[in-house]
Amino acid sequence: MIAFTDTEKKEYRNIWVVAEILSGEIQPVTHELTGAARTLADLRKSEVWVVVMGSGIEGKPESLFAYGADVAIVVDNLGLSGFVDETETKIMKRLIVKYKPEVVICGATTRGRALMPRVAVMTNCGLTADCTGLSIDPENGDLLQTRPAFGGNIMATIRCSNHRPQMATVRPRVMKSPEPDPGRTGRIIKEEMLTSDTEKIKQIIDVFHSTETAVNLADAQIIISGGRGMKGPVGFNLLKQFAERVGGAAVGASRAAVDSGWIPYAHQVGQTGQTVQTKVYIACGISGQIQHLVGMQSCDLIIAIDKNPDTPMMQVADIAVVGDLFEIIPEIVREITNL
Amino acid sequence: MKIVVCIKQVPATNDAKIDPKTKRIVRKGIKAILNPFDTYAVEEGVQLRDKFEGEVIALSMGPPKAKESLREAISVGVNRAILLSDRAFGGSDTWATSYVLAKAIEKIGDVNLVICGKQAIDGDTAQVGPGIAAHLDWLQATYIMAVEEISSSSIIVKRMHEDGYDICKMSLPAVITVVKDINTPRIPSLKGRLASRKCEIPVWKPDDIGADTSKIGLDGSPTKVVKIQPPPPRHTSTKKIEGSSTECAQALLRELRLRSIV
């Protein structure tokens, strides 16, 4: 691909965030990324723009100014109520050509990870997935993107020097959400969805909100996870009780527990499940095979509860509790309830 | 129905280490496996082929050794396999890789459906599937949990997302990426194993697929890796809590309260 000249690169300004909307609401990952974009924009002496595509979202984008946005580009159309990859890609491409952002970042959600690779190819740009760190190279102003690879066993720093915009996705909960400043204001730019943006050949027939599949492990602060040591679905009920008593906790599982049919696949943490990076990970009766460890070893605090003190999980853990989890967990649940 | 399944041979993650001197990933003597997510893609391709007849083709880009993974796909029922292998492909990022695969799919011709695993376990990017769709300008659907219906002109799929799932209908040709929920991969039969040993796997070079050499390999990749390093060490020691169940529960509670977790 032909590299941009320095003069061409200079035409591209501002740090963009692609907003994440679920059920008509702007998701926390958008606030986190707006905060991260603010830091980058200050270093580049430019602005933060957030692209908000959705349906019936009037009044919502204004809330982003408090988190550091200077401009919100709003595309509000009934055709954007479900996620149509091709439509959102066409809109993004049109906006990028029109406004020339220097950087575009988006949440590494199921939608972001489908949308951004398509946008990157269509605009001949580089894209770095699941970044855990974003910074600016003081020498030339390039975006430096840090990401884990090989299941977190290595960290790679990546740059896209020759093309603009520079694109990255970032997992939810990786960046800190800034304190909102209600006094901040910004500008709204309204953009239309064009008929040429819609692919009539794709149709979202129905959307289901399901507790069976809706396990937003990436969005949880705390994950309480169970493995073979939970002995069956009843054991997982205990973990669900525990999670309910702890604010912001979700239930995770090892592959062994999922494959035994004790809990649905959407809960699975690890190589063939989800990679999580929560503040706290409580592993209950999980031996800690490497395929599981690579999916959770970046969590801030790991607590393991197991009868066997010698499992790999008990070695990785910051706190290892040696004992019978069927006695320890109910006692903790009782104590928390009695507060 | 003509289906292409894109697969990747990956190192078994647990062995991924960095050479402290060269700062490169040590690949010597490392076991290579078929990317676990791709086993579901292969199985889905074989199942759909069995339902509609036609053929399913496994496609991979990688070193000559990647033929092993293509043979694995043949052993479970894929009709034939093609390897994209050449020095010029080396160093391709997801943009360039998806370009090469898209060019190969064009060359295969008359393809109705491309199936990929959700992501590969080495890079973890999940970008190649949508990238192929973008290069071909085909429709795409990712995180597929089930193929509900399929005909020669359209497909209805169940797409997993954070808040549940949706049912999405799109016209073919299209690219889908699949998650583990979609099926249970079969074990190769004896007949399959024999077939996989005997089959010829053609190797395609950039010229064979009419690839623009400025769009492949390191030069064709917009992203550049500038540095790799081990992650910061986790912690220095594990705090062990032992004793009776009540003692354990109380000690753990104290730790949780200290950190304002409960």
>> If neighbour count is taken as other Cβ atoms inside 10 Å, put B:Leu84, A:Leu43, B:Leu256 in order from fewest to most.
In response: A:Leu43, B:Leu256, B:Leu84
> Summing +1 for each Lys or Arg and -1 for each Asp or Glu, what net charge is found among the other residues whose Cβ lies under 15 Å from the Cβ of A:Arg164?
Replying inline: +3
> Under a GNM of chain B (C-alpha, springs under 10 Å), which listed residue has the highest mean-square fluctuation: B:Arg197, B:Arg159, B:Arg80?
Replying inline: B:Arg197
> For the range A:298-339, list residues with backbone N below 15 Å from a point placed 7 Å from the Cα of B:Gln250 toward its Cβ?
Replying inline: A:328, A:331-332, A:335-336
> What is the fewest-to-most order of A:Trp262, B:Trp95 by other Cβ atoms lying within 10 Å of their Cβ?
Replying inline: A:Trp262, B:Trp95
> Near the amide H of A:Val51, under 5 Å away, which other amide H atoms are found, from residues 5 or more places off or on another chain, if H is placed in the peptide plane?
Replying inline: A:Val17, A:Val18, A:Ala19, A:Ile73
> From the phi of every residue in the range B:82-91, what ³J(HN,Hα) in whole Hz does the Karplus formula 6.51 cos²θ - 1.76 cosθ + 1.60 yield, where θ is phi - 60° and glycine or proline is x?
Replying inline: 9, 10, 9, 9, 5, 4, 5, 7, x, x
> Which of the GluC sites (Glu not before Pro) found in the range A:50-86 are in a DSSP loop and have at most 10 neighbouring Cβ atoms, other than their own, within 10 Å?
Replying inline: A:Glu58
> Roughly how big is the protein assembly as shown's charge dipole about its Cα centre, with Cβ charges of +1 (Lys, Arg) and -1 (Asp, Glu), in debye to the nearest 20?
Replying inline: 1540 debye
> Once every DSSP H run of n ≥ 4 in the protein assembly as shown is given -39500 (n - 2.57) and the sum is divided by its residues, what mean residue ellipticity at 222 nm do you get, rounded to the nearest 500 deg cm²/dmol?
Replying inline: -8000 deg cm²/dmol
> Where nothing but the Cβ of Lys and Arg (+1) and of Asp and Glu (-1) is charged, how large is the charge dipole of the range B:109-232 around its Cα centre, in debye to the nearest 20?
Replying inline: 580 debye
> Out of B:Thr39, B:Thr223, B:Thr94, any idea which swings most in a Gaussian network model of chain B, alpha carbons joined below 10 Å?
Replying inline: B:Thr223
> One-quarter of the Cα convex hull surface for chain A, in nm²?
Replying inline: 19.4 nm²
>> If you take every residue apart from A:Gln271 with its C-beta less than 11 Å away from the C-beta of A:Gln271, what net charge results, scoring Lys and Arg +1 and Asp and Glu -1?
In response: 0
>> What are the ³J(HN,Hα) couplings of the range A:130-144, residue after residue, when phi is run through the Karplus curve with 6.51, -1.76, 1.60 and θ = phi - 60°? Round to Hz, x for glycine and proline.
In response: 6, 5, 10, x, 10, 8, 10, 6, x, 6, 10, x, 5, 7, 9
>> Sort A:Met296, B:Met170, A:Met155 by Cβ crowding within 10 Å, fewest neighbours at the top.
In response: A:Met155, B:Met170, A:Met296
> A:Thr7 to A:Ile201: FRET efficiency via 1/(1 + (r/R0)^6), r the Cβ-Cβ distance, R0 45 Å, to the nearest 0.05?
Replying inline: 0.65
> From the Cα gyration tensor of the range A:1-97, with a ≥ b ≥ c the square roots of its eigenvalues, which class applies: rounded if a/c is under 1.5, or else prolate if a/b is larger than b/c, or else oblate?
Replying inline: oblate
> So which of A:Lys9/B:Lys215; A:Lys10/A:Lys93; B:Lys118/B:Lys198; A:Lys202/B:Lys215; A:Lys93/B:Lys180; B:Lys103/B:Lys227 end up more than 23 Å apart by C-alpha?
Replying inline: B:Lys118/B:Lys198; A:Lys202/B:Lys215; A:Lys93/B:Lys180; B:Lys103/B:Lys227
>> Rounded to the nearest 5, what % of DSSP beta bridges with both residues in the protein assembly as shown are antiparallel?
In response: 35 percent
> Hey, if you put +1 on the Cβ of every Lys and Arg and -1 on every Asp and Glu Cβ in chain B, which of B:Thr125, B:Trp138, B:Pro173 ends up farthest toward the positive end of that dipole?
Replying inline: B:Thr125
> When the dipole is taken about the Cα centre of chain B, and only Lys, Arg (+1) and Asp, Glu (-1) are charged at their Cβ, what size is it in debye, to the nearest 20?
Replying inline: 1220 debye
>> Quick check: net charge around A:Phe326, other residues with Cβ under 11 Å of its Cβ, Lys/Arg +1 and Asp/Glu -1?
In response: -1
> Expressed as a whole number of Å, what is the distance separating the alpha-carbon centroids of the range B:72-137 and the range B:188-246?
Replying inline: 13 Å
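Read-outs: derived from the displayed coordinates by stated rules, not from any lab. Predicted model only: the values in this text are computed from it and were never measured. Please note: Cβ atoms are built from the backbone with ideal geometry, for glycine as well, and neighbour counts cover all protein chains shown.
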